[in-house]
Amino acid sequence: MGEKSAMSIPRMHMMMCFGTACISSGAERVREAMAAALDEHDMQDEVAIIETGCNGFCAGGPIVVVYPGGVFYTKVQPEDAAEIVAEHVVKGRPVERLMYRHPTTKAIIPLYEDIPFFARQELRVLRNKGRIAAESIEEYIARDGYQGFAKALLEMTPDEVVEEVLASGLRGRGGAGFPTGLKWKFCRAAEGDQKYILCNADEGDPGAFMDRSVLESDPHAVLEGMMIGARAIGASEGYIYCRAEYPLALERIDAALNDCRRYGLLGENIMDTDFSFDIHVARGSGAFVCGEETALMTSIEGHRGEPRPRPPFPAQKGLWGKPSVLNNVETLANIAQILRNGKDWFRSVGTEKSPGTKIFALSGAVNNVGLVEVPLGIPLGDIVFDIGGGIPNGKEYKAAQLGGPSGGCVPKDHLNTPVDFESLPEIGAIMGSGGLIVMDEDTCMVDMARFFLDFIQDESCGKCPPCRVGTKRMLEIVTRICEGEGEEGDIERLVALGETIKETALCGLGQTAPNPVLSMIRYFRHEWEEHIRDRHCVAGVCANMFMARCSNACPASVNVPGFVSLVGEARYDEALRVHRNRNPLASICARVCFHPCESKCQRAGLDAPVAIRHVKRFMVEQEEEPLLPEMQVDEANAQRKVAIVGAGPAGLSCAFFLARLGYKPVVFEAEGKAGGMLIQAIPSYRLPRNELEREIAMIEKMGATIECGKALGRDFTLKSLKDDGYEAVFVAVGAPKGSRIGIPGEDGPGVYDGLGFLKEYNLTGTAPMGRKVAVIGGGNAAIDAARTALRLGAEEVRILYRRTRAQMPAWAEEVDAADLEGIQLFTLVAPEEIVRDGDGNVAGVRCRKMVLGDYDRSGRRRPVADEAADFMVEADTVIAAIGQWLDADAVMDGTKLDTSRGGYLAADPTTGRTSEEWVFAGGDDVTGPASVVAAIGAGEKAAVGIDELLTGANHAFWRREVDVQTAFDPDADPSETPRAEVDELPLERRRTTFDEVELGWAAEVAVAEARRCLRCDYGKYCSQG
Amino acid sequence: MSPADAPTAKIRNLADLTAIKERTQADTALREDGYHVRCTVHMGTCGIASGSRVVLATAMEELAASGRLDIRVTTSGCIGACEHEPEMTVEVLNEEPVLYGYLDADKTRRVFQDHVLGGTVVPEYAVSLGDHVGGVDAQGRQRTPKPDTEKWS
Amino acid sequence: MSEEVKQCSCCEEEASEEELLARLDEVIEEYQGKPGALIPVLQYAQGIYGYLPEVALKRVALGLHKPYSEVAGVVGFYSYFSTVPRGKNLIRVCLGTACYVRGGKQVLDAIKSRLGIDVGETTEDRLFSLEIARCFGACGLAPAMSIGDEVFKRVRPARVPEILSRYNEVDAEKEGVVNVAG
């Protein structure tokens, strides 16, 4: 025996996924490299490379699974092959670098059954995926293949087969959910010398690929189902109607059919019985309507694939007028296992009326795209969040679309809906064939409606007018809305048209065509209204409505590319002027804005978003004395008395814009200093006070008067303002009341509300502070309170929050900063009692551990009490920052204003006008606690609204976009440049001082960062044509 | 493994189907989770230099000849007992692992026949027994040598 | 299907019209008298020619004893069939739902503006034709596009010029065309 091994059977199997997705990701090149690496070690006989069908985890391709052991490698590149062979194959040391990592914990998960994506799945139809060589009939047989067929053929009568399938409760997986056994029973009973069984593999739903995957990874499972079906109904011929766009599936079907014929499983007198059967392949030529059963049959017959009216049903008169059964790929792939394992096994998962499993093609805005097989009845949220791993890039779930062009969408308040044939239609969606597309906040629902209508319009066969003309009319209306030309009444017109089409179209395709639109109107009507009324697309998709997505996302509509590109040319004064044209509080926003602009930045598609807020920070630092903006002198306006109640960001913004129109508004502020939450709640380590004062002084200089120490309800009322001759009032008092926790022990010394605590410190410079502080809540106020407590000398600061860290409403960077400074985060805990000692002092907080339960209306999992016993968190001081509210009655004080749900003031989102003509409102007192920049935007709208009330016209000259005239070469291809980092104050100083944490940039850093802007606004200014 | 080599006699009954199933399972068994015996050939640089490839090849030949589907032959890196190489650890489910050293083709054959197939430890080739036998698991991590019964069953 | 298409593209310069017709006749003969023959024959015909010229449609009508109007009607119904020749490289941008949600339309717009052609058109140099695909079934790789047989996954509009430039050189070696978008 020499050194060279001569192994008769391989000791290792490398299962390489050769599904369409992995092939596109380079699986073939990986196989070549792997084979070469094995050759190099002279191990080509020791290790077998086996091509499998789609593994399902398409997001991780190319995928290689190594047996024995089942080590799961993802995203394998050709250059990794040498390492896998040298380390894993030769030395038995798997390569950790290539293993799957948990997306949040980053822990290595070597075995694929432990990966969360697979762990919640129930692999039945997909039991062989990745486990067998897709082209090997022998390996299929080794996994009990054709046992079900043998049983049906040799041990059962056809009637018994039909009965077994009927009793299993299997329902068609193609969409409609008709009981498969019943279909077979009808066809079996039909008279006819010739019958057909057909397999629908014309997967037309533009978002579904599970049939392709099944055919690619386990073609024999489908063939076996067809054979059993043929035996049951008495068919001697079968057809598989498969899309020509699926070359790999077609290739594997052909190979599988040949193997079956070779083994005598197809042909004459199969297994020495009188049963003869063969299967033909028909290639679909790209017509969505051919997924409809009668149209599919017309197409096999060689005609235009137009549907036929039913009755007669295909079970009586189908293909070529003969009794026929059409089943979908996934339905057929269930059959053999039902025969082999019995109906009770099949019913052991799923629900009573929807037994078994369903495969979904999970895609869109979700981390783990791929193929998933789950028990029917599973909550939709579990598929999206547990299996799918949630939404990428920290974005928010908006809706899931099920059932493709015939289906509907499921918004976040229905995430608990069980996925089965009964529950989905109740909320306007359908199971469909299994396309499940997740949409995040970047998806515009009006645009999606247009997408589906466009598809349907394209695919309508044109035979019946409701579908052909009706969907065209709907498409015209939706297109108009998307282009910013929507009209009042369009929504009602769409609904009416949709209902008519549903009732009058000839086939299933037409009858269901309006569903996506109706569903998107049902759940996202406000978005449609915004498009029509405000010409605003919140998702930043309908490009006719804005210049750039960043500006569109800014509640104050700042021309972001404008000021950023000016910074890029070191033209700082002009840049600031562009910024203040829409947002006066540039310096404030440079510190505290949560920058919705950055999350919509197109640059993220190339490398990372432009650091817009930090560019702004550099820009404002270059300013010595605030320059006054463009203003109009208007004697008439100067004489009109306008009052603003509250000198927070909304009030200040309103004063600024009114002053630009020549008004001299008076701002009444309850506290001793102007600034509202900016000064009362936001700590100075985030917002240095001189920055605040500078911009307030600018607004005063423009002609606004700020009167401090004058509180609504104490020193004056809305009515008294009117009596004093004020023609219009803008109410911007915020939502300054802290909510109570509502637990025993809350009343008494040592317990403070978060806002009260922050306000006391920020306005007086001192606040009572213990040694051990427990902050309850997960919002920005809670984090601010905790970080302030730390700086005031508390030794231990803990934040108690009832949900998870990821679910905290506070901005992630604030939470991270708190964490870094040594504040302990206790998540999934709910306070039950504030425990006091004999003297009545706070001794601690008794808490209960929470676990995440089902989904609440906000689409987040609801925390529910854990079984485990409660526990104590030691504390001598408790700060409750769990919410804020508005005492609306105190505001109104005799002047009746409408309120919204939650007790806030009701105001028109476009003008700020309340139910009382002369009273306007905006900011937190309308929206509830929200952002600074949202309040600034509301102040501007109210200023325009007030001017319109007083003058009868809109004079908002700043809303007209002016070209910024900066250089830009649209033909230069951008190259990858990392986002510039921001330095921070050293930790030891952060913990003890209130100095600003974030440090500024040098000029060259700021200019380079500004130049990363892709100038999405280019060519969109009117002056550029 | 490849369809081209496989016999193409028609399947006429359940027995024909079962025959193909069993024949193919000899090839595919190593992908299944449950197994009874695992032989780990230690293939560090030192092991390969001292002839562990021969041990591996012999073990595979024996496995093929036995027709057993519940035995896995795997490799690992160096376990730090280089003086005994070539080495192989034999782990029978629910029993203490045994490390064999100074193996050659004949000795490997004997260990396979007696211990792996027959269940009787071959004391004269054994270097150490029990918990202190090092080794790495299928994922390459240092493992507690006692077989993890949950994972194996 | 792809098999036939490949066969055609490797010898498209060489085969004369007679040879093409002869190959079509073989197909027609094989399918003559079989039920449902029209669509498979048309699929093969498109494989032979790369598209469906009138001469081929007439031959099919004649061979299968169908009225020409019926043949043309079937061709017009299915999106797979094309009666105009395509460019050397067929670009198909997937606008299935998943690709659409992930920005397929922006990819399409980038290609349109780069090549200066609209969907269904061919560039003047006959190098590229542009089409929309309703779904490749590669939803996991959205947004996806294909050029010839090569599938590009997770395409970003900013990458489009780079991808296209690889096909610009007429002699671009197949090996040089790698998936750069991943």
- Query: Are there any helices (runs of 4 or more DSSP H) wholly within segment A:711-821 with 2 or more residues that are under 29 Å from the mean Cα position of the chain (by Cα) and not β-branched (Val, Ile, Thr), and if so which?
  - Reply: A:780-791, A:812-820
- Query: When you scan segment C:5-113 for helices (runs of 4 or more DSSP H) that lie fully inside it, which ones turn up with 1 or more residues that are under 27 Å from residue C:141 (Cβ atoms)?
  - Reply: C:38-49, C:97-101
- Message: Go through segment B:5-39 and report how many residues are modelled with pLDDT of 85 or more and at the interface with another protein chain (Cβ under 7 Å from one of its Cβ atoms).
- Response: 9
- Kindly check whether there is at least one residue in segment A:618-636 that is modelled with pLDDT of 95 or more, crowded, with 24+ Cβ neighbours inside 10 Å, in contact with a helix residue (DSSP H, G or I) (Cβ under 9 Å, 6 or more places away or on another chain) and on the phi > 0 side of the Ramachandran plot. no
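Results for (1) hydrophobic (A, V, I, L, M, F, W, C); (2) away from chain B (no Cβ under 14 Å); (3) in contact (Cβ under 8 Å) with a residue 40 or more places away in the chain; (4) touching an Asp or Glu at 6+ places or on another chain (Cβ under 8 Å), shown as yes or no for each residue.
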position	(1), (2), (3), (4)
A:200	no, yes, yes, yes
A:207	no, yes, yes, no
A:212	no, yes, yes, yes
A:227	yes, no, yes, no
A:233	yes, yes, yes, no
A:239	no, yes, yes, no
A:283	no, yes, yes, no
- Query: Looking at A:910, A:927, A:877, which one is surrounded by 13 or more Cβ atoms within 10 Å (Cβ to Cβ), without any contact (Cβ under 8 Å) to a residue 60 or more places away in the chain, touching a helix residue (DSSP H, G or I) at 6+ places or on another chain (Cβ under 8 Å) and farther than 30 Å from residue C:159 by Cβ?
  - Reply: A:927
- Item | Flag for residue A:699 being part of a loop (DSSP other than H, G, I, E, B), among the aliphatic types (A, V, I, L, M) and more than 22 Å from residue A:760 (Cβ to Cβ) | no
- Item | Matching residues in segment C:37-55 - criterion: being modelled with pLDDT of 90 or more, of a type in the set (Gly, Ala, Ser) and closer than 19 Å to residue A:242 by Cβ | C:37
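Go through segment A:214-237 residue by residue and tally those that are surrounded by fewer than 24 Cβ atoms within 10 Å (Cβ to Cβ) and closer than 19 Å to residue A:299 by Cβ. Reasoning before the result, please.
Within segment A:214-237, the first condition is being surrounded by fewer than 24 Cβ atoms within 10 Å (Cβ to Cβ), and the residues that meet it are A:231, A:234, A:236-237.
Remaining after also requiring closer than 19 Å to residue A:299 by Cβ: A:237.
Matching residues across segment A:214-237 total 1.
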- Task: Give the residues of segment A:336-382 that are of a type in the set (Lys, Arg) and either buried (at least 23 other Cβ atoms within 10 Å of the Cβ) or part of a loop (DSSP other than H, G, I, E, B) (or both), sorted by residue number.
- Result: A:353, A:358
- Would you tally the residues in segment A:47-68 being in a loop (DSSP other than H, G, I, E, B) and surrounded by 23 or more Cβ atoms within 10 Å (Cβ to Cβ)? 8
- Note on the structure: Restricted to segment B:40-76 and to residues being in a loop (DSSP other than H, G, I, E, B) and facing another protein chain (nearest Cβ under 9 Å), the residue modelled with the lowest pLDDT is B:44
- Message: Regarding segment A:244-265, can at least one residue be identified that is small (Gly, Ala, Ser), touching a helix residue (DSSP H, G or I) at 6+ places or on another chain (Cβ under 9 Å), within 14 Å of chain B (Cβ to nearest Cβ) and assigned to a loop (DSSP other than H, G, I, E, B)?
- Response: yes
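Of all residues in segment A:480-494, which are assigned to a helix (DSSP H, G or I), surrounded by 14 or more Cβ atoms within 10 Å (Cβ to Cβ) and in contact (Cβ under 8 Å) with a residue 12 or more places away in the chain?
Taking segment A:480-494 and keeping what is assigned to a helix (DSSP H, G or I), we get A:480-482, A:490-494.
If we keep only those that are surrounded by 14 or more Cβ atoms within 10 Å (Cβ to Cβ) too, we end up with A:480-482, A:490-491, A:494.
The answer is A:481, A:482, A:490, A:491, A:494.
Those residues that are more than 14 Å from chain C (Cβ to nearest Cβ) and either closer than 23 Å to residue A:430 by Cα or touching a Lys or Arg at 6+ places or on another chain (Cβ under 8 Å) (or both), I need them from segment A:214-225; list them, please.
To start, the set of residues in segment A:214-225 that are more than 14 Å from chain C (Cβ to nearest Cβ) comprises A:218-225.
Of everything in segment A:214-225, those that are more than 14 Å from chain C (Cβ to nearest Cβ) and either closer than 23 Å to residue A:430 by Cα or touching a Lys or Arg at 6+ places or on another chain (Cβ under 8 Å) (or both) turn out to be A:218, A:219.
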- Message: Exactly one condition in (1) surrounded by 20 or more Cβ atoms within 10 Å (Cβ to Cβ); (2) over 14 Å from the mean Cα position of the chain (by Cα) is false for residue B:57; which is it?
- Response: (2)
- Note on the structure: Going through segment A:28-45 in order, the residues found to be crowded, with 23+ Cβ neighbours inside 10 Å and within 13 Å of another protein chain (Cβ to nearest Cβ) are A:30
- Kindly provide the set of residues from segment A:461-487 that are farther than 17 Å from residue A:516 by Cα and either of a type in the set (Ser, Thr, Tyr) or within 27 Å of the chain's Cα centre (by Cα) (or both), ordered by number. A:480, A:483, A:484, A:486
- Item | Matching residues, segment A:134-177, being of a type in the set (Ser, Thr, Tyr), away from chain B (no Cβ under 13 Å) and under 23 Å from residue A:328 (Cβ atoms) | A:168
- If residue A:114 satisfies every condition in (1) among the charged types (D, E, K, R); (2) over 19 Å from residue A:58 (Cα atoms); (3) within 14 Å of another protein chain (Cβ to nearest Cβ) but one, which is the exception? (2)
- Message: Residues that are more than 8 Å from chain B (Cβ to nearest Cβ), touching a residue at least 12 places away in the same chain (Cβ under 8 Å) and farther than 20 Å from residue B:74 by Cα: does segment A:80-95 have at least one?
- Response: yes
- Task: Considering each of A:458, A:413 in turn, give the residue that is within 14 Å of chain C (Cβ to nearest Cβ) and either in a helix (DSSP H, G or I) or within 16 Å of the chain's Cα centre (by Cα) (or both).
- Result: A:458
- When the residues of segment A:707-729 are filtered to those that are more than 21 Å from residue A:945 (Cα to Cα) and of a type in the set (A, V, I, L, M, F, W, C), which remaining residue is surrounded by the most Cβ atoms within 10 Å (Cβ to Cβ)? A:712
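Is it the case, given these coordinates, that residue A:131 is away from chain B (no Cβ under 14 Å), closer than 30 Å to residue A:420 by Cβ, in a loop (DSSP other than H, G, I, E, B) and out of contact with any His (no Cβ under 8 Å at 6 or more places or on another chain)? Lay out the reasoning, then the answer.
On the way: away from chain B (no Cβ under 14 Å): no; closer than 30 Å to residue A:420 by Cβ: yes; in a loop (DSSP other than H, G, I, E, B): yes; out of contact with any His (no Cβ under 8 Å at 6 or more places or on another chain): yes.
When the stated conditions are applied, residue A:131 does not pass them.
Residues that are farther than 30 Å from residue A:632 by Cβ and out of contact with any His (no Cβ under 9 Å at 6 or more places or on another chain): find the helices (runs of 4 or more DSSP H) completely inside segment A:931-1025 holding 1 or more of those. Don't jump to the end; show me each part of the working.
Details: elements: A:932-951, A:987-990, A:1003-1010.
Correct list: A:987-990, A:1003-1010.
Looking at the structure I just gave you, is residue C:155 assigned to a helix (DSSP H, G or I), within 11 Å of another protein chain (Cβ to nearest Cβ), surrounded by 16 or more Cβ atoms within 10 Å (Cβ to Cβ) and modelled with pLDDT of 85 or more? Working first, answer last.
Working: assigned to a helix (DSSP H, G or I): no; within 11 Å of another protein chain (Cβ to nearest Cβ): yes; surrounded by 16 or more Cβ atoms within 10 Å (Cβ to Cβ): yes; modelled with pLDDT of 85 or more: yes.
No, not satisfied.
Look through A:920, A:871 and report the one residue that is of a type outside the set (D, E, K, R) and either buried (at least 18 other Cβ atoms within 10 Å of the Cβ) or closer than 30 Å to residue A:720 by Cβ (or both). Steps first, answer last, please.
On the way: A:871 fails: either buried (at least 18 other Cβ atoms within 10 Å of the Cβ) or closer than 30 Å to residue A:720 by Cβ (or both).
Selected residue: A:920, the only one of A:920, A:871 that is of a type outside the set (D, E, K, R) and either buried (at least 18 other Cβ atoms within 10 Å of the Cβ) or closer than 30 Å to residue A:720 by Cβ (or both).
The values are calculated or read from the model by the stated rules, or taken from the named source; none is laboratory data. Please read all numbers here as calculations on a predicted model, not as lab measurements. Counting neighbours? That spans all protein chains shown, and the Cβs are built from the backbone with ideal geometry, glycine included.
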